[in-house]
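S.K.: Here it is, the structure, as structure tokens.
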Amino acid sequence: MSRKIDAADKTKEIVFQVKDLAKTYKMGEVEVHALRGANMELYAGELVVLLGPSGSGKSTLLNILGGLDKATSGFVSYRGNDLTKASEQELTEYRRFHVGFVFQFYNLIPSLTALENVAVVTEIAKNPMKPEDALALVGLTERLDHFPAQLSGGEQQRVAIARAISKNPQVMLCDEPTGALDSQTGVVVLEALERVNRELGTATAIITHNVDIAAMADRVIHLSNGRISEVTANKVRKSPHDIQW
Amino acid sequence: MKGQVFAITLVVLSGVSTFVMFITTMHSLDRTRNSFYNDYNFADVFVNLKRAPESLKEKIKEVPGVNRVETRVSAHVKLDINGFSEPVTGQIVSVPDDGQPMLNRLHIRKGRLADSTKDNEVVINETFAHAHGFNLGDKFAAVINGKWKKLTITGIALSPEFVLVMRPYSMSPDFKRYGILWMSRKAISRAYNMEGAFNNIALTLYPGAKVSDVLRELDNIVERYGGYGAYDRKDQISHRLLNEEFNMLRNMSKIFPTIFICVAAFLLNVVMSRTINTQREQVAALKAFGYNNVAIGIHYAQLVVLIVLAGLVLGIVAGIWLGGILGGIYMEVYRFPALVFVLKPWVIISAIFISIASALVGTVHSLWRAAQQPPAEAMRAEPPAKYKITLLEKMGVGRKFSQPTRIIARNIERKPVRTMLSILGIAVACATMISSGFFKDSVDYMVNVQFVLSQKEDMAVGFVEPTSYRALYEIKEMEGVHYAETFRTVPVKFRFGRSSYKTVINGIEPDSRLHPLLDSNLKPVTLPQEGIILNDYLGKILGVKAGDMLTVEILEGSKAIRQVQVVSLVKLYLGVMGYMDVKALNRLMREGEAVSGVYLTADNQYQEKLYRSFVSMPRVSGTIVRKNEIRNFYDVQAKGMLFFTFIATLMAGSISIGVVYNNARIALSERSRELSSLRVLGYTRGEISYILLGELVVIAIAAIPLGFIIGYALCGYIAAALQSDLFRVPLIIEMKTFALAAVVVMISASISGLIVRHKLDHLDLVEVLKTRE
Ligand SMILES: Nc1ncnc2c1ncn2[C@@H]1O[C@H](COP(=O)(O)OP(=O)(O)OP(=O)(O)O)[C@@H](O)[C@H]1O
Ligand SMILES: [Mg+2]
């Protein structure tokens, strides 16, 4: 059975509070229940990994946390602010100032260089890093003026991470950041994420299919069939460097 | 693709409908005219003379080539209409006492011919009747051979001879102030002491008769009887102006459809290459299933045809409908018994052929690429787009660009050809719009130059016969007249080499205060002491240059043939005439000082009284009031102009919406991924709209000045194509026309922008995260 979350954790500041969260997609007559009453928390400064079979609702949950999608019922709050009641403008502002995203397919702007792709975010953020510094954090100092088409997949993903961290977000939400990468490149990307979490204290949630990656987390949240089936905590976080798959 | 197909449909529709409209109107009018001419025996040749005995008819019949001959008595009269105090003139034409004439038969719309036993019955032409609201039994008066006579309307008719009714040598038709009166030969002969005589001949020719020989022979025969020169249909006012109208329609049917078809082909090209790009994988799959290149090509060609088809069918239907409306507008000026609507199958076939062919030509490149793609390559994702730092940024301008602005600049620079074509497309829309405003501007200008700046008189009084200078002093003495000066008008036929033209020479007083001759720069032309000035259009018809000796056949009085030197050609917008110093003209005529009429200015309050007294003066043949002339010019032109402006605005709107919207949709489909990504990163709807719409705005703004240039050139071409005896359209485009065109482009761009903006607001953010580009 899962180890109960210990009391010490509860004293930590809660970043996300999720209660009975449900999401139903209506496709004509058919209803798809992507989430059926999920409950979880994310604490400040921690790194969690979300695990679960395909279709279990991981992306749906992350998208709702990130203010990209709206729940059908239930409750999500971000630092005490009810996201389910937020307007479109408030959600946009929330994404703009608080959340850093990393996605499986990078979603870079093809017409902008690496540096400019980061500047896209720093230009509109409140308290950003310098784009060069963000790129230095992911080890891309040499490739500032390259367009995405001129970068490898791993490099593109690191640009995406640099873009996400450059605004100094409160939370990082990463949906299969290594999904399109080989294991070696994946490790480099994970190291970047881990470093940001460690050095900047950014609460980070990472979705992955890779059970081995779970070892780098403080806690591992298991989803199945639209519910949180299990939450486990790691005593020690493994460095991505030591993870092999 | 729905919206884009709709936009293309709109443009194809515009092109096809204008094509069908202009061509069917032309064919319909042509057929209508021909059947009117045939059914009502329109004469081939006309002769005016002073007076000849009826017995001369037999002699004329013997002229080789002459078929049927009809003699007539005709006279110009002043009319006096109750309740209409302005001067009105008309032409009386005799109708045989035993009924319908053999040639130029009348189409009786209402009532009957005049009874030959009565001398006060008259049939009038339809436009005149409508202009005054005349009905059968209504009465008006005419001054017939100096005697005031009350006439009763027994019929309202049309004649192939007067399809367009226009006072000879006037600038534009005036239905209210000029009418045709058909009276019995007996009545009019008696009034003019023409019993047993005639002063006008209409005749038809046998097929194959040599017209110039017949004319020469006729001139010889009637010379003794005061002949004013025989002329054939091409010099007959109504016929000539109809011909010119047909030319204009023919030109229009070429210019506008061409523009639309080109735009449609361009839009199709963009849409198809985009479609084929996004369907690379399907193409590859089809190939893997064994479809060959031809089959793939045909598949897409069918799609192109399908897209064109809707616009084609709607365009044909709309074209037929608009053709009916345009035909109706023509029928208000050009009167036929009924408009025979002609829809030639080849018009439909060529509309189909032209639009489909140009659509395929426009897309042939993309079709070819689709067909040629090796399956393996198609299976692979499209290679990532190559971007570069833009020139602007390299020059340092871009330093301060925000990232969204950078995105705009790089997207524009990445597809220079498409960007250029989009700019061109919108520019063409802008140009089309300008061309519609240009009509009004140039007509306004023309009217201002002709009727305001170079005709400063309040009234022009014409005499029945050339008169002595005394008439001037008499008129100057009349109450209310401020100032008066004379003019001399001599009907002539100019000959130069093998060309000839029937018109008049205007003799003007040197330093004329009321009627200065102005050139196209609005500078007064100083009339030379000797020699003649022609307007350049007449110069072109005759093929003369300054310095040439021109042969002048005088068509009144002496009937002499004289030579006169062409001093210069000047550019004038209305009419086709020669101009001389009145003294030089009198010398040329060798008949001493004679005047044809007087221009005068008068006190406003006396004007009506003045022309009432002119009506009762037997020597005065008619009076023209300038301000009526202006108003009338607009009345006659207004409907046609309004219709044209309306159509052109609609079309320009549809092109600019078509091009801008299409552009916007393509941009949206190409950029929706990165725009959604930006939304995910926290960009607001407004901020991403800026990226997409900013690109459109840049293109639209670049298009407008180019549109001005193309518009100017297009108007120049149209102006050249629309030259006619009636007027030469000056190339005048007002600032406000340019402004309006820009506004229409901006509005249609904004409408397209709003539609796209609406779509931007509903981007599915989650969708784009799930797929690779
Ligand atoms: N837009 C949508 N319309 C309908 N059903 C959807 C939509 N998005 C997701 N679903 C359904 O919701 C369920 C959960 O989807 P979700 O993407 O959250 O799964 P996941 O855990 O991220 O899976 P994977 O590991 O394969 O990415 C799935 O059954 C999916 O089919
Ligand atoms: Mg997922």
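S.K.: Of all residues being modelled with pLDDT under 85 and in a helix (DSSP H, G or I) in segment B:396-410, which is surrounded by the most Cβ atoms within 10 Å (Cβ to Cβ)? Just the residue, please.
M.R.: So, considering only residues that are modelled with pLDDT under 85 and in a helix (DSSP H, G or I), the one surrounded by the most Cβ atoms within 10 Å (Cβ to Cβ) is B:G398.
S.K.: If you don't mind, another one. Among the candidates B:L79, B:L13, which residue alone is in contact (Cβ under 8 Å) with a residue 40 or more places away in the chain and under 30 Å from B:S184 (Cβ atoms)?
M.R.: Checking each option against the conditions leaves just B:L79.
S.K.: Would segment B:635-651 turn up any residue that is touching a helix residue (DSSP H, G or I) at 6+ places or on another chain (Cβ under 6 Å) and either more than 27 Å from B:D444 (Cβ to Cβ) or at pLDDT 80 or above (or both)?
M.R.: Checked segment B:635-651: at least one residue is touching a helix residue (DSSP H, G or I) at 6+ places or on another chain (Cβ under 6 Å) and either more than 27 Å from B:D444 (Cβ to Cβ) or at pLDDT 80 or above (or both).
S.K.: Here's something else I'd like to know. Within segment A:29-54, restricting attention to residues that are of a type in the set (G, A, S) and farther than 16 Å from A:E176 by Cβ, which residue is nearest to ligand 2 (Cβ to nearest atom)?
M.R.: A:A34
S.K.: Listed residues A:G57, A:G100; which is within 16 Å of ligand 2 (Cβ to nearest atom) and surrounded by 22 or more Cβ atoms within 10 Å (Cβ to Cβ)?
M.R.: A:G57
S.K.: Moving on to the next point. Kindly provide the set of residues from segment B:152-172 that are more than 16 Å from B:L106 (Cβ to Cβ) and not in a loop (DSSP other than H, G, I, E, B), ordered by number.
M.R.: Correct list: B:T152 only.
S.K.: Do we have B:H762 as within 16 Å of ligand 1 (Cβ to nearest atom) and either surrounded by fewer than 20 Cβ atoms within 10 Å (Cβ to Cβ) or not charged (D, E, K, R) (or both) here?
M.R.: yes
S.K.: Considering every residue within segment B:715-724, establish whether at least one is in a helix (DSSP H, G or I), surrounded by 22 or more Cβ atoms within 10 Å (Cβ to Cβ), at negative phi and away from every other protein chain (no Cβ under 14 Å).
M.R.: Yes, there is a match, as at least one residue in segment B:715-724 is in a helix (DSSP H, G or I), surrounded by 22 or more Cβ atoms within 10 Å (Cβ to Cβ), at negative phi and away from every other protein chain (no Cβ under 14 Å).
S.K.: Collect the residues in segment B:581-597 that are within 38 Å of the chain's Cα centre (by Cα) and assigned to a helix (DSSP H, G or I), keeping them in residue-number order.
M.R.: Answer for segment B:581-597, where residues must be within 38 Å of the chain's Cα centre (by Cα) and assigned to a helix (DSSP H, G or I): B:V582, B:K583, B:A584, B:L585, B:N586, B:L588, B:M589.
S.K.: While we're here: Has segment B:677-685 got at least one residue that is within 13 Å of chain A (Cβ to nearest Cβ) and β-branched (V, I, T)?
M.R.: Yes.
S.K.: Across segment B:183-226, what is the total count of residues that are farther than 15 Å from B:V73 by Cβ and assigned to a loop (DSSP other than H, G, I, E, B)?
M.R.: Number satisfying all stated conditions: 5.
S.K.: Separate question: For segment A:60-70, enumerate the residues that are surrounded by fewer than 22 Cβ atoms within 10 Å (Cβ to Cβ) and away from ligand 2 (no atom under 14 Å from the Cβ).
M.R.: Result: A:K70, single match.
S.K.: List the helices (runs of 4 or more DSSP H) that sit entirely inside segment B:281-379 and contain at least 3 residues that are modelled with pLDDT of 90 or more and not assigned by TED's automatic domain parsing to the domain that holds B:I108.
M.R.: B:293-333, B:345-372
S.K.: Quick one: is A:R36 surrounded by fewer than 23 Cβ atoms within 10 Å (Cβ to Cβ), among the charged types (D, E, K, R) and at the interface with chain B (Cβ under 9 Å from one of its Cβ atoms)?
M.R.: In short, no.
S.K.: Just need a number here: residues in segment A:141-165 that are surrounded by 23 or more Cβ atoms within 10 Å (Cβ to Cβ) and of a type in the set (A, V, I, L, M).
M.R.: Residues flagged as surrounded by 23 or more Cβ atoms within 10 Å (Cβ to Cβ) and of a type in the set (A, V, I, L, M) within segment A:141-165 amount to 6.
S.K.: Taking A:D6 and the conditions (1) at pLDDT below 90; (2) within 16 Å of ligand 1 (Cβ to nearest atom), which numbered condition does it fall short on, given that it satisfies the others?
M.R.: (2)
S.K.: Given the criteria surrounded by 15 or more Cβ atoms within 10 Å (Cβ to Cβ), touching a residue at least 12 places away in the same chain (Cβ under 8 Å), farther than 18 Å from A:L112 by Cα and away from ligand 1 (no atom under 16 Å from the Cβ), does A:I243 qualify?
M.R.: Spelling it out, A:I243 is indeed surrounded by 15 or more Cβ atoms within 10 Å (Cβ to Cβ), touching a residue at least 12 places away in the same chain (Cβ under 8 Å), farther than 18 Å from A:L112 by Cα and away from ligand 1 (no atom under 16 Å from the Cβ).
Yes/no per residue for (1) surrounded by fewer than 20 Cβ atoms within 10 Å (Cβ to Cβ); (2) β-branched (V, I, T); (3) out of contact with any Cys (no Cβ under 6 Å at 6 or more places or on another chain):
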{"position": "B:F644", "(1), (2), (3)": "yes, no, yes"}
{"position": "B:S654", "(1), (2), (3)": "no, no, yes"}
{"position": "B:A664", "(1), (2), (3)": "no, no, yes"}
{"position": "B:T684", "(1), (2), (3)": "yes, yes, yes"}
{"position": "B:I691", "(1), (2), (3)": "no, yes, yes"}
{"position": "B:V697", "(1), (2), (3)": "yes, yes, yes"}
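S.K.: Just to be sure before I move on: is B:I691 within 14 Å of another protein chain (Cβ to nearest Cβ), away from ligand 1 (no atom under 16 Å from the Cβ) and not polar (S, T, N, Q) in the structure I sent?
M.R.: Against the criterion (within 14 Å of another protein chain (Cβ to nearest Cβ), away from ligand 1 (no atom under 16 Å from the Cβ) and not polar (S, T, N, Q)), B:I691 qualifies.
S.K.: Still on this structure, please answer the following. Find the residue count for segment A:200-214, including only residues that are assigned to a helix (DSSP H, G or I) and either touching a residue at least 40 places away in the same chain (Cβ under 8 Å) or within 14 Å of another protein chain (Cβ to nearest Cβ) (or both).
M.R.: The number of residues fulfilling the criteria is 3.
Conditions tested, residue by residue: (1) within 28 Å of B:V449 (Cβ to Cβ); (2) within 14 Å of chain A (Cβ to nearest Cβ).
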site	(1), (2)
B:F727	yes, no
B:M735	yes, no
B:A739	yes, no
B:V745	no, no
B:V756	no, no
B:D761	no, yes
B:D764	no, yes
B:T771	no, yes
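S.K.: Does any residue of segment A:122-140 turn out to be touching a residue at least 12 places away in the same chain (Cβ under 8 Å), on the phi < 0 side of the Ramachandran plot and within 16 Å of ligand 2 (Cβ to nearest atom)?
M.R.: no
S.K.: Additional query: Scan segment B:749-765 and tell me whether some residue there is modelled with pLDDT under 85 and within 16 Å of ligand 2 (Cβ to nearest atom).
M.R.: Yes, segment B:749-765 has at least one match.
S.K.: Let me ask something else. Failed condition for A:V211, given (1) in contact with a Leu (Cβ under 7 Å, 6 or more places away or on another chain); (2) away from ligand 1 (no atom under 16 Å from the Cβ), with all others met?
M.R.: Going through (1) in contact with a Leu (Cβ under 7 Å, 6 or more places away or on another chain); (2) away from ligand 1 (no atom under 16 Å from the Cβ) one by one, A:V211 breaks only (2).
S.K.: If you don't mind, another one. Among the strands (runs of 3 or more DSSP E) confined wholly to segment A:73-184, which include 3 or more residues that are away from chain B (no Cβ under 14 Å)?
M.R.: Ranges flagged: A:73-78.
S.K.: Does at least one position in segment A:14-24 carry a residue that is modelled with pLDDT of 90 or more, within 13 Å of ligand 2 (Cβ to nearest atom) and under 14 Å from the mean Cα position of the chain (by Cα)?
M.R.: For segment A:14-24, residues modelled with pLDDT of 90 or more, within 13 Å of ligand 2 (Cβ to nearest atom) and under 14 Å from the mean Cα position of the chain (by Cα): absent.
S.K.: Ok, one more. Is there a residue being on the phi < 0 side of the Ramachandran plot, of a type in the set (D, E) and modelled with pLDDT under 80 anywhere in segment B:597-612?
M.R.: no
S.K.: Ok, one more. I'd like to verify a number: residues in segment A:33-67 that are touching a helix residue (DSSP H, G or I) at 6+ places or on another chain (Cβ under 6 Å), within 8 Å of ligand 1 (Cβ to nearest atom) and of a type outside the set (S, T, N, Q), how many?
M.R.: Within segment A:33-67, residues that are touching a helix residue (DSSP H, G or I) at 6+ places or on another chain (Cβ under 6 Å), within 8 Å of ligand 1 (Cβ to nearest atom) and of a type outside the set (S, T, N, Q) number 3.
S.K.: Another question, if that's okay. Name, by its number, the condition in (1) touching a residue at least 24 places away in the same chain (Cβ under 8 Å); (2) more than 23 Å from B:R418 (Cβ to Cβ); (3) among the charged types (D, E, K, R) that does not hold for B:E695.
M.R.: (2)
The values are calculated or read from the model by the stated rules, or taken from the named source; none is laboratory data. The shown structure was predicted, so the numbers you read here are calculated from the model rather than taken from an experiment. Note that we place each Cβ from the backbone using ideal geometry, even for glycine, and neighbour counts take in every protein chain shown.
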